[in-house]
Ligand code: APR
């Protein structure tokens, strides 16, 4: 921890890549948790794909509504707050990239978040919106739709098989290439291209530090692995050094 705090003090460009584990202590049901009860009969591919939505729009919409409702009863944890506090203390130094679709980084006050897999709390049009979609309020429904052309509203998340938002990914890749240090927090590191950002940082000469109680698929490139829960580890890792607190 001391060595990593020293690396942190030396780093002028920091990237933090987070995954579901950073929200674990907030009690956010993981993607797999949300496949319980009525939804246990479906595979993720039968719910989180465009084909599934076009085939069974109400089923997919209802599943996301259930996840959105669950999200409203959870709150950012000390790990989210430590990251946001650090970003606000050192403006411009941190680029936060998350694979999570919960809004807990944002709700913790994180100034800028590159949400590569989208945002569960937001909707967008399923098909390219026409003028009728943009000038009329959607008809309420499960899902809501355009009253003129019946274009459907869909969750603004990246479904299996869909490309990540190119501009966000490009900004994340540039930050990974240029950073001095990357913290990889709460991700198993198996889903690309997000996990590839850590390899890109390492290839660019950055130090890579993993915060995860378990082993991950990125351990081979790690300069240090902090085997700890993020809500416990991040506040201690990111707290101001004594000199930072002098007036
Ligand atoms: N602190 C830190 N890490 C934790 C904690 C914790 N308290 N609890 C669990 N973890 C770690 C687990 O050890 C695991 O390595 O968080 C990781 C969660 O891994 P995944 O569930 O695979 O989540 P993630 O890596 O974010 O998945 C990437 O895959 O499911 C799709 O699109 C979805 O964004 C998601 C992507």
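Here are a few things to note about the model shown:
- Shape class of region 66-124 from the Cα gyration tensor (axes a ≥ b ≥ c, square roots of the eigenvalues): oblate, since a/c reaches 1.5 or more and a/b does not exceed b/c.
- Taking the longest Cα principal axis of the chain as reference, the axis of helix 57-72 is set at about 40 degrees.
- Going from the fewest other Cβ atoms within 10 Å to the most, the residues 225, 233, 132 appear in the order 132, 225, 233.
- Between 0 and 90 degrees, the angle of helix 166-178 with respect to the longest Cα principal axis of the chain falls at about 10 degrees.
- Comparing mean-square fluctuations of 51, 28, 208 from a GNM of the chain with C-alpha springs under 10 Å, the top value falls on 51.
- Sum of -39500 (n - 2.57) over DSSP H runs of 4+, divided by residues of the chain (222 nm, nearest 500): -9500 deg cm²/dmol
- Extension gain, residue 54 to residue 228, is 58.5 nm, computed as 0.36 nm per intervening residue step minus the present C-alpha separation.
- For the chain, built as a Gaussian network whose Cα springs stay under 10 Å, the top-fluctuating residue of 144, 91, 165: 91
- Least to most buried among 239, 25 (fewest other Cβ within 10 Å first): 239, 25
- Beta bridge orientation in the chain: antiparallel %, DSSP, nearest 5: 25 percent
- Cα gyration tensor, the chain - rounded (a/c under 1.5), prolate or oblate: prolate
- The long axis of helix 78-89 is offset from the longest Cα principal axis of the chain by roughly 70 degrees.
- Using a cutoff of 8 angstrom between alpha carbon atoms and counting only pairs six or more residues apart, the relative contact order for the chain works out to 24 percent.
- Ordering of 96-106, 212-222 by packing [mean C-beta count within 10 Å, highest first]: 96-106, 212-222
Laboratory data are not the source of any read-out in this text; all were calculated from the coordinates shown. No experiment lies behind these values; they were computed from the predicted model shown. Every residue, glycine among them, receives a Cβ derived from its backbone with ideal geometry; neighbour counts consider all protein chains shown.
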